[in-house]
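We did not get these values from a lab; they are worked out from the coordinates using the rules stated. Keep in mind that this is a model prediction, so the values were computed, not measured. Virtual Cβ from ideal backbone geometry, glycine too; neighbours counted across all protein chains shown.
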Amino acid sequence: MTPAPFLQYWWRRSLSLLGDLRLAILLLLIIALASIAGTVIEQGQPLSFYQTNYPENPALFGFLSWRVLLAIGLDHVYRTAWYLTLLVLFGASLVACTVTRQVPALKSAQRWQYYCEPRQFGKLALSTTVPHGSLRTLAAALSQNGYRVWYTDNQLYARKGIAGRIGPIVVHASMILILLGGILGSLTGFMAQELVPSGSTFHIQHLIQAGPLAHLPENWSVKVNRFWIDYTPAGDIDQFYSDLSVLDATGTEVKRGTIHVNQPLKYAGVTLYQADWSIAAVRFRLNQSPVLQLPMAQLNTEGKGRLWGTWIPTKPDLSAGISLIARDLQGTVLIYGADGEFLTSLRQGMSTQINNVTLTLTELVGSTGLQIKSDPGIPLFYAGFAFLMAGVIMSYVSHSQVWGLFTEETLYVGGRTNRAQLAFEQELVAIAAALQTQAPPQTAER
């Protein structure tokens with residue numbers, strides 16, 4: 001066998017194998033099971049999380065321990081090589097099925113020929129005869145019912161619903177777009193988290209997960225102009241906001257917006273979500289000093305609420321000081337002495353005398369917690385789902401064909417359709433009945 005026929009043979013064999021419906025169903029089932037695992041098992045958690053929740057003894061289901069889970073990549077299912085390979089194979093199966101089945105079916109639907117013998121009508125699902133019927137009247141009736149009609153002096157062909165043959169191809173194309181979107185997002189997308197004090201500028205650095213081809217933006221940064229929280233009359237958090245500015249490499253503002261939960265800021269394919277908040281620092285004065293600033297750290301309360309604290313020295317040699325505790329950004333702090341006793345509370349803008357020092361609370365500085373995502377595959381997802389809906393609707397359109405032949409003073413009419421058989425029969429019977437009533441008693445108009 002020469003190389004060219006040999007390659008053609010294996011090319012056809014490969015297309016036949018990939019286009020096999022059983023293979024496509026098997027791949028789809030495996031992808032579904034893997035996606036379920038990626039939904040049930042927490043993704044992107046630290047090693048300690050999996051060691052705690054998936055111990056080796058006893059292992060989940062007798063075998064699923066943290067070692068097995070990490071070895072096969074169930075902690076990041078959607079970015080593993082085997083999952084992406086499944087997507088590629090399923091996409092190749094869809095392409096092969098489209099090329100070997102759907103496209104030929106569409107070409108076959110577009111090819112047609114006139115019927116020349118009455119016996120040909122006997123092979124159709126529905127056929128009838130109209131003595132002295134008019135071919136021209138049949139053409140007009142079919143046109144009124146949405147058919148595209150071709151006819152000669154004694155032959156006719158009509159069809160409608162070619163979109164029904166295009167629909168499956170559109171569905172396959174939409175699924176391929178969705179798969180490409182998933183692959184592109186897994187390879188080039190990333191997710192990061194940043195906790196930024198109000199008034200600070202930052203570059204995206206703290207990645208949680210990223211594809212092997214992900215690229216962090218380096219030519220722009222984000223400034224947190226202001227972060228604030230709205231509280232309810234009962235003192236609970238109503239909403240928290242961040243006023244953000246996107247700055248180019250020269251520091252010029254190119255976009256600005258205020259974000260809150262469910263209202264992100266988008267720029268250059270990157271979306272910044274309002275996700276969390278914290279207290280970053282406290283600003284204060286001691287006696288007549290300039291405004292000083294000390295960071296505040298979140299305290300371990302064992303799940304009994306969120307508290308932040310810091311220690312402020314009241315003597316130059318740091319031999320004495322006080323502790324400040326805050327629970328929110330409403331401007332009130334609690335002050336404790338060196339031995340842990342409660343001394344007093346202080347509101348923002350007010351002063352108190354402690355250890356012979358006048359302490360003035362200037363401001364509590366908040367930090368905004370941002371979740372930052374980039375997924376270049378999202379436009380392909382949207383396009384794919386749009387095409388999928390269009391393709392499903394098109395697939396429900398019936399592809400109907402009608403033939404006509406006038407010979408020996410008799411009009412033969414027959415047709416077939418790929419779905420909605422009853423509606424097609426009713427339509428054709430109504431047309432035939434109309435032809436019967438309009439047929440002249442002796443001669444027929446050709």
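Tabulated data for the structure shown
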{"quantity": "Ellipticity estimate at 222 nm from DSSP helix runs (n ≥ 4, -39,500 (n - 2.57)) divided over the chain, nearest 500", "calculated": "-10500 deg cm²/dmol"}
{"quantity": "Length gained when the stretch Ala71-Tyr382 is fully extended (0.36 nm per residue, less Cα-Cα span)", "calculated": "108.6 nm"}
{"quantity": "Coarse-grained scattering of segment 159-214 at q = 0.13, 0.23, 0.24 Å⁻¹, given as base-10 log I(q)/I(0) from a Debye sum over alpha-carbon atoms", "calculated": "-0.57, -0.89, -0.92"}
{"quantity": "Folded to 0 to 90 degrees: helix 378-395 orientation relative to the chain principal axis, Cα", "calculated": "30"}
{"quantity": "Cubic angstrom per residue, convex hull over Cα atoms of segment 13-105", "calculated": "103"}
{"quantity": "Residues of type aspartates and glutamates that Lys223 reaches as a straight line, Cα spacing below 20 Å, ignoring anything fewer than 8 places off in the same chain", "calculated": "Glu194, Asp243, Asp248, Glu253, Asp276, Glu363"}
{"quantity": "Protection proxy ranking of 408-419, 328-339, 298-309 - average other beta-carbon atoms within 10 Å, highest first", "calculated": "408-419, 328-339, 298-309"}
{"quantity": "Debye log10 I(q)/I(0) for segment 204-300, one point scatterer per Cα, at q = 0.13 Å⁻¹", "calculated": "-0.67"}
{"quantity": "Estimated FRET transfer efficiency when R0 is 51 angstrom, pair Thr129-Ala32 (beta carbons, to 0.05)", "calculated": "0.45"}
{"quantity": "Order of Trp112, Trp403 - criterion: other Cβ atoms within 10 Å of each residue's Cβ, fewest first", "calculated": "Trp112, Trp403"}
{"quantity": "Theoretical FRET efficiency, 1/(1+(r/R0)^6), r = Cβ-Cβ of Val40 and Ala320, R0 51 Å, to 0.05", "calculated": "0.40"}
{"quantity": "Diffusion coefficient, µm² s⁻¹, Stokes-Einstein with Kirkwood Rh over alpha-carbon pairs of segment 119-174 at 25 °C and 0.890 mPa s", "calculated": "181"}
{"quantity": "Summed residue charge, Cβ within 12 Å of Tyr147's Cβ, Lys/Arg positive, Asp/Glu negative", "calculated": "+2"}
{"quantity": "Cα-only Debye scattering, segment 190-374: base-10 log of I(q)/I(0) at q = 0.11, 0.13, 0.14, 0.18 Å⁻¹", "calculated": "-0.58, -0.76, -0.85, -1.14"}
{"quantity": "Distance histogram in 10 Å bins (all Cα pairs of segment 352-446, percent per bin)", "calculated": "11, 19, 14, 11, 9, 8, 7, 6, 5, 5, 4, 2, 0"}
{"quantity": "Acute angle (nearest 10 degrees) that the helix 3-18 long axis makes with the longest principal axis of the chain, alpha-carbon atoms", "calculated": "70"}
{"quantity": "Candidate lysines - alpha carbon under 30 Å from Lys160, same-chain residues fewer than 8 apart omitted", "calculated": "Lys107, Lys123"}
{"quantity": "Largest-first ellipsoid semi-axes for the chain, taking √(5λ) over the Cα gyration tensor eigenvalues, angstrom", "calculated": "75, 28, 19"}
{"quantity": "Alpha-carbon centroid distance for the pair segment 352-400 / segment 235-279, whole angstrom", "calculated": "10"}
{"quantity": "Those residues of segment 84-101 whose amide nitrogen sits under 20 Å from the label point placed on Ala390, 7 Å along Cα→Cβ", "calculated": "95, 98-99"}
